[in-house]
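Student: Mind having a look at this structure? Questions to follow.
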Amino acid sequence: MSMALELAKKGGGAVNPNPQVGAVVVKQGRVIGKGYHERYGHEHAEVKALQSCTESTEDATMYVTLEPCAHQGKQPPCYQAIIKAGIKRVVFGSYDPNPLVSEKGIEAMRNEGLRVEGPILEKECQEINQIFFHYMTQHTPFVMLKYAMTLDGKIATATGASKWITGEVARKKVHQDRSRFMSIMVGVGTILADDPILTNHNVNNRNPIRVICDTHLRTPLTSKVVVTAQEIPTIIATGVSDKKKLIPYIKKGCQIINLPFNDNGIALVDLMKKLGHLRIDSLILEGGSTLNASAIDEGIINKLQVYIAPKIFGGKQALSPVGGKGVLLPEEALHLGKMKVSSLGEDLLIESEVI
């Protein structure tokens with residue numbers, strides 16, 4: 001199962017909104033086949049493993065990180081291929097929260113006389129599919145708030161300059177994560193200040209869908225995200241409904257989502273529901289202090305990823321990561337858990353989940 005887990009991780013970023021799955025076929029104590037779900041719409045891990053087998057699979061055992069599917073999607077049900085291959089024992093890592101799957105394949109295989117055992121290494125198998133499990137149960141994207149700050153808690157100097165706070169190793173990690181998440185979101189303030197292109201620098205040749213929160217439609221038509229919207233999917237979430245103002249953006253390839261707004265800007269809870277309907281299962285929020293504060297206030301954050309650089313900016317006017325009004329009492333703070341600390345070159349990365 002550990003081998004299957006390592007295989008499953010190879011599909012990260014390419015299979016969304018499907019889960020990452022790995023499978024290993026064992027016969028008489030020998031591995032005779034292995035595979036993983038490589039790309040959305042392509043063969044599932046079980047089928048890839050069976051295709052790779054070097055000898056007959058009759059009476060063999062299959063280890064798979066997620067229970068085999070039992071429904072017709074872009075690929076046929078995996079349990080049928082397992083039965084047809086003569087597999088006699090299936091060991092699975094975790095249950096599938098998808099109601100179309102949920103133990104149906106397990107039941108079908110047992111009805112055919114196969115031994116089905118599990119879950120095995122369930123925690124580890126669920127962790128690699130944290131995004132999938134969230135999306136399947138909540139129907140909204142799994143949202144990770146990411147920011148980089150100095151040791152004194154600043155994301156920019158008093159002049160607004162922010163390039164670069166972290167070093168090359170940390171920035172490489174950022175682009176790797178952009179390739180794993182389906183979308184990336186910023187506010188119009190970031191577009192106006194930095195004119196970012198919001199790509200992943202060709203990691204896996206897969207760029208995230210770009211989402212711009214722009215209440216009053218101030219994104220310049222000459223900005224990089226608009227100019228490249230024909231090549232990289234770009235969504236502008238705005239409160240503007242005037243078609244004359246929207247048409248130039250649509251002609252350049254942008255998709256417009258009209259939403260209600262309040263004093264804090266776009267209604268982010270409503271936006272997450274809209275993105276979920278578009279089958280966007282995950283989102284990295286790389287906003288400024290205003291958008292970060294709104295996201296926390298509206299409760300859409302699932303995980304925080306904080307890069308800390310060994311630098312001091314200082315300055316009362318220098319921005320901190322989270323703006324807004326903030327909480328009034330310490331007990332009202334956003335509480336985090338499952339903290340993980342990593343060293344990336346000269347920088348630290350702290351990852352934590354919202355409790």
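Student: At q = 0.21, 0.23 Å⁻¹, what log₁₀ I(q)/I(0) does a Debye calculation on the Cα points of the range 82-130 give, no solvent, two decimals?
Tutor: Rounded to two decimals, the profile gives -0.77, -0.88.
Student: Given N residues in the range 161-211, what is Rg(Cα) / (2.2 N^0.38 Å)?
Tutor: 1.15
Student: First select every other residue whose beta carbon is under 10 angstrom from the beta carbon of Gln130; then total the charges, Lys and Arg +1, Asp and Glu -1.
Tutor: -1
Student: Next up: Sum -39500 (n - 2.57) across every DSSP H segment of at least 4 residues in the chain, then divide by the residue count to get the 222 nm mean residue ellipticity, nearest 500.
Tutor: -7500 deg cm²/dmol
Student: Still on this structure: Running Debye on the chain with equal point scatterers at the Cα sites and no solvent, what base-10 log of I(q)/I(0) appears at q = 0.10 Å⁻¹?
Tutor: -0.69
Student: Once the range 257-309 is represented by equal point scatterers at the alpha-carbon sites, with solvent omitted, what log10 I(q)/I(0) does the Debye formula produce at q = 0.16, 0.19, 0.27, 0.28 Å⁻¹?
Tutor: Per q value, in the given order, log10 I(q)/I(0) is -0.51, -0.70, -1.26, -1.31.
Student: Apply the Kirkwood formula to the range 57-195: the hydrodynamic radius equals the inverse of the mean of 1/r over all pairs of different alpha-carbon atoms; give it in Å with one decimal.
Tutor: About 18.6 Å for the range 57-195.
Student: Same structure again: Of Leu221, Pro119, Gly323, which is farthest towards the positive pole of the chain's charge dipole, taken about the Cα centre with +1 and -1 on the beta-carbons of Lys, Arg and Asp, Glu respectively?
Tutor: Leu221
Student: On a straight-distance basis, which lysines could pair with Lys340 in a cross-link, Cα separation under 26 angstrom, same-chain partners fewer than 8 positions away excluded?
Tutor: Lys9, Lys10, Lys123, Lys146, Lys154, Lys163, Lys172, Lys173, Lys303, Lys311
Student: How large is Rg/Rh for the range 1-119, to two decimals, with Cα atoms and a Kirkwood Rh?
Tutor: Checking Rg against Rh, the ratio lands at 0.92.
Student: Which of the GluC sites (Glu not before Pro) across the range 42-142 are loop residues per DSSP, with 15 or fewer other Cβ within 10 Å?
Tutor: Taking the range 42-142 and a limit of 15 other Cβ atoms within 10 Å, the loop GluC sites (Glu not before Pro) found are Glu55, Glu58, Glu103, Glu112.
Student: Could I have the simple spin-label model distance between Leu336 and Arg115, label points 7 Å from Cα toward Cβ, reported in nm to one decimal?
Tutor: Label-label distance for Leu336 and Arg115, simple model: 4.6 nm.
Student: For a quick check of understanding: with a 1.4 angstrom probe and all protein chains in place, what accessible area in square angstrom does Val322 have, to the nearest ten?
Tutor: 60 Å²
Student: What's the extension gain from Lys311 to Asp195 if we count 0.36 nm per residue and subtract their Cα-Cα distance?
Tutor: 39.3 nm
Student: So, R0 is 56 Å and r is the distance between the beta-carbons of Ser320 and Arg89; what FRET efficiency does that work out to, to 0.05?
Tutor: 0.50
Student: Not counting the cut sites, what is the longest span of the chain without chymotrypsin sites (Phe, Trp or Tyr not before Pro) that DSSP labels loop and that have at most 15 other Cβ atoms within 10 Å?
Tutor: The segment 165-355 is the longest one with no such site.
Student: Next up: In the range 282-354, which GluC sites (Glu not before Pro) are in a loop and have at most 14 other Cβ atoms within 10 Å, using DSSP for the loop call?
Tutor: Qualifying residues, ordered by number: Glu346.
Student: Under 8 Å for C-alpha pairs, at least 6 residues apart: give me the relative contact order for the range 164-211, rounded to a whole percent.
Tutor: 45 percent
Student: Along each of the three principal axes of the Cα atoms of the range 32-95, give the extent in whole Å, ordering the values from largest to smallest.
Tutor: Projected onto the principal axes, the Cα atoms of the range 32-95 cover 28, 22, 19 Å.
Student: What nm value, rounded to one decimal, do you get for the distance between Lys74 and Glu107 when each label is placed 7 Å out toward the C-beta?
Tutor: Label at Lys74, label at Glu107, 2.8 nm between them.
Student: At 0.36 nm per residue, and after removing the present C-alpha to C-alpha distance, how many nm does the segment from Asp59 to Lys10 gain when stretched out fully?
Tutor: Gain in length upon complete extension: 14.9 nm.
The values are calculated or read from the model by the stated rules, or taken from the named source; none is laboratory data. The structure displayed is predicted, hence computed values, not measured ones. Reconstructed Cβ throughout: ideal geometry from the backbone, glycine too, with neighbour counts over all protein chains shown. Accessible surface areas use protein heavy atoms only, side chains included; no ligands, DNA or RNA. Shrake-Rupley method; radii C 1.70, N 1.55, O 1.52, S 1.80 Å.
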